[in-house]
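Chemist: The structure's right below; bear with me while I get my questions together.
The values are calculated or read from the model by the stated rules, or taken from the named source; none is laboratory data. What you are looking at is a predicted structure, and each value in this text was computed from that prediction instead of being measured. Methodologically, a virtual Cβ is constructed for each residue, glycine included, from the backbone with ideal geometry; neighbour enumeration extends over all protein chains shown.
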Amino acid sequence: MHNVQRWWNPEPLDFLCKFKAALDEARLEDVPARDLLLVVFCRLVINFSNAAFNHQSMSFKDKVDNGSSQNRPQGLLFNTEPDLAACATAEGQYVLDSAADNPSGIGTIVAGDSRSVTAAVHGQFDLIITSPPYPNRMSYIRELRPYMYWLGYLETGRDAGEMDWSAIGGTWGIATSRLLTWQRSSEGFYPSYLDTILSRISHADNKSGVLLSNYVAKYFEDMWFHLCDVVQVIAAGGTVHYIVGNSTFYDVVVPVERLFAGMLTKAGFREARIKRIRKRNSKKELYEFDVIATK
């Protein structure tokens with residue numbers, strides 16, 4: 001990871017390295033206990049980090065290290081550095097306790113591209129409940145990089161960018177520059193009011209207007225291809241629920257819920273309706289919605 005010292009201070013970083021090395025040396029392949037230990041490790045990765053989650057997008061906790069006595073925090077009377085081994089033990093007990101109550105039933109995880117659902121699953125389904133990425137330029141790869149690198153899913157920064165480019169709504173790393181030259185498909189869903197919104201974003205008094213206009217357009221184009229494909233695996237009378245949030249760019253409101261309802265109808269669903277769920281913890285005009293439709 002780039003600038004790994006920004007993520008972890010030396011002592012926690014050393015502890016994490018030793019924890020992961022011991023776990024790898026144990027060679028617990030395909031053993032349920034390994035999964036639980038990896039969950040414990042991932043909890044430690046983020047708990048020991050300097051990451052802050054007081055905003056919808058991850059940031060870093062403020063550090064005061066400029067040598068100025070005026071800004072230096074007052075020294076503590078006692079050494080309150082956490083016992084890292086004790087923290088790991090506590091996390092292990094927490095994970096073990098939570099794993100004791102296993103739900104009944106069987107779930108299946110299927111890897112595939114959501115824009116081509118029919119290539120990943122077969123048969124007909126009665127219900128879909130999902131919350132896809134919102135068009136708010138939040139990159140899940142950016143948020144998950146610590147886990148992805150530590151667990152070996154990513155090896156270089158470019159790997160993260162390539163993965164984000166393949167995801168719906170991804171704009172991390174190389175995906176950002178590619179958006180500038182991205183061209184929309186003639187088969188996309190572009191009602192006139194969306195074209196107006198895209199134009200307003202593009203012509204905003206900001207150097208990133210074109211980039212973000214392309215981002216919004218690509219997001220809805222990807223979701224349009226998803227909906228056109230997913231309708232084929234929904235049984236007659238089946239219902240879909242899409243939990244989505246609206247967004248703003250340069251004070252231009254993007255009515256995500258209206259666009260989803262329109263796309264669902266155009267894709268072959270009926271009785272599309274919008275249910276406002278809750279106010280989001282951000283700008284006053286932002287809400288989350290349940291967009292519902294029937295096959």
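Chemist: List the strands (runs of 3 or more DSSP E) that sit entirely inside the stretch 242-295 and contain at least 3 residues that are over 27 Å from PHE125 (Cβ atoms).
Modeler: Where strands (runs of 3 or more DSSP E) fall fully within the stretch 242-295 and carry at least 3 residues being over 27 Å from PHE125 (Cβ atoms), they are 247-249, 252-254.
Chemist: Looking at ARG200, is it over 19 Å from PRO133 (Cα atoms), assigned to a helix (DSSP H, G or I) and basic (Lys, Arg)?
Modeler: The answer is yes for ARG200.
Chemist: Which of the numbered conditions does SER68 fail, given that it passes all the others? Conditions: (1) at pLDDT below 60; (2) under 19 Å from LEU13 (Cβ atoms).
Modeler: In the conditions (1) at pLDDT below 60; (2) under 19 Å from LEU13 (Cβ atoms), SER68 misses (2) alone.
Chemist: I'm told LEU264 meets every condition in (1) within 20 Å of the chain's Cα centre (by Cα); (2) buried (at least 21 other Cβ atoms within 10 Å of the Cβ) except one. Can you identify the failing condition by its number?
Modeler: Every listed condition holds for LEU264 apart from (1).
Chemist: Can you say whether SER213 is closer than 25 Å to LEU179 by Cα and under 22 Å from the mean Cα position of the chain (by Cα), as far as the supplied structure shows?
Modeler: yes
Chemist: Further question: Which one is modelled with the lowest pLDDT among residues in the stretch 82-99 that are surrounded by fewer than 10 Cβ atoms within 10 Å (Cβ to Cβ) and more than 28 Å from the chain's Cα centre (by Cα)?
Modeler: Among them, the one singled out is ASP83.
Chemist: May I pose another question? Restricting attention to the stretch 1-33, and to residues there that are surrounded by fewer than 12 Cβ atoms within 10 Å (Cβ to Cβ) and of a type in the set (A, V, I, L, M, F, W, C), which single residue is farthest from LEU84 (Cα to Cα)?
Modeler: Looking at residues that are surrounded by fewer than 12 Cβ atoms within 10 Å (Cβ to Cβ) and of a type in the set (A, V, I, L, M, F, W, C), I get VAL31.
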